[in-house]
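Down below is the structure, laid out as structure tokens.
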Amino acid sequence: MERKNFLKAFALAAAAGPMILDGCKKDSVTKTSTSTTTGTTSTTTTSTSGSCIVTATEVEGPYPYPGGELTNPLERSDVTEGTQTGVPLSLTFIVVDAGNNCNVVSDARVDIWHCNKDGYYSGYANQSGILGAKSYVGSTFLRGYQLTDSTGLAKFTTIYPGWYSGRATHIHIEVYVNGVMKKTTQICFSEATNNTVYGSSLYSAHGSNTTTNEADSIFGDSLTDLANETVSLTGSVSEGYTGSYTIGINL
């Protein structure tokens with residue numbers, strides 16, 4: 001689904017009422033004082049086990065690999081293809097089984113994809129943005145997957161994402177185990193880091209994102225989930241940023 005159609009459909013769903021919105025958001029789980037949760041509906045169930053949690057489920061979004069993520073052949077750690085300029089970003093994902101004492105999950109497939117510094121995705125046509133309408137059909141930049149190693153880790157080298165109208169800065173993630181999808185989610189970053197990056201010369205044409213994390217239609221519906229989905233980064237614009245994120249799934 002193209003971005004303009006996705007956003008239009010989401011707006012129509014919002015007008016139709018909260019029940020439709022709840023249907024396309026998150027798995028429901030219990031909210032407790034000691035755990036981040038994925039609940040947005042009135043019925044909740046427990047999601048915590050040990051010291052880890054089940055990561056909030058979010059909508060896939062409009063730009064997975066054309067044909068679906070499982071058809072994505074791009075097994076690679078560096079998703080920049082050497083063509084995408086931007087502030088370097090290194091991300092490590094740790095996949096754990098929240099229903100089994102938070103044990104790490106090896107050989108899990110972790111797929112990521114996000115837009116480039118100007119707000120465009122690879123693989124799709126008719127995308128509007130700061131550079132006008134663009135088509136990147138046939139391109140594969142800033143998407144790929146890795147299998148977790150024996151310690152549950154999957155590492156990616158990419159660039160800091162840009163943004164497009166109506167969404168907070170984000171990265172899409174899907175996790176598969178033995179070919180079965182176990183988690184669809186999205187992550188974001190602090191407003192302070194966003195503003196620092198978007199104030200740098202590489203991103204200056206776009207400027208600061210006009211949609212904050214809390215105002216975002218995906219992240220903003222649960223501040224508890226937002227806190228869990230916000231990845232803390234270390235580093236700088238000149239040196240690049242590094243961060244890690246634990247993805248809790250139930251096997």
**Message:** Leaving out ligands and nucleic acids, and using a 1.4 Å probe, what accessible area per residue does segment 100-251 come to in Å²?
**Reply:** 38 Å²
**Message:** Using a Cα-Cα cut-off of under 15 Å, which aspartates and glutamates could be cross-linked to LYS182, ignoring same-chain neighbours fewer than 8 residues away?
**Reply:** ASP27, GLU58, GLU60, GLU69, ASP97, ASP107, ASP111, GLU174
**Asked** Using a 1.4 Å probe on the protein chains only, how many percent of the accessible area of segment 122-197 belongs to carbon and sulfur?
**Response** 52 percent
**Request:** Among VAL175, SER135, CYS188, flag the residue with its Cα farthest along the positive direction of the charge dipole of segment 127-204, charges on Cβ as +1 for Lys/Arg and -1 for Asp/Glu.
**Result:** SER135
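The values are calculated or read from the model by the stated rules, or taken from the named source; none is laboratory data. Since this is a predicted model, take the numbers as computed values, not measurements. Here Cβ is always computed from backbone atoms with ideal geometry, including for glycine, and neighbour counts include all displayed protein chains. These area figures cover heavy atoms from the full protein model, side chains too; ligands, DNA and RNA do not enter into them. Shrake-Rupley method; radii C 1.70, N 1.55, O 1.52, S 1.80 Å.
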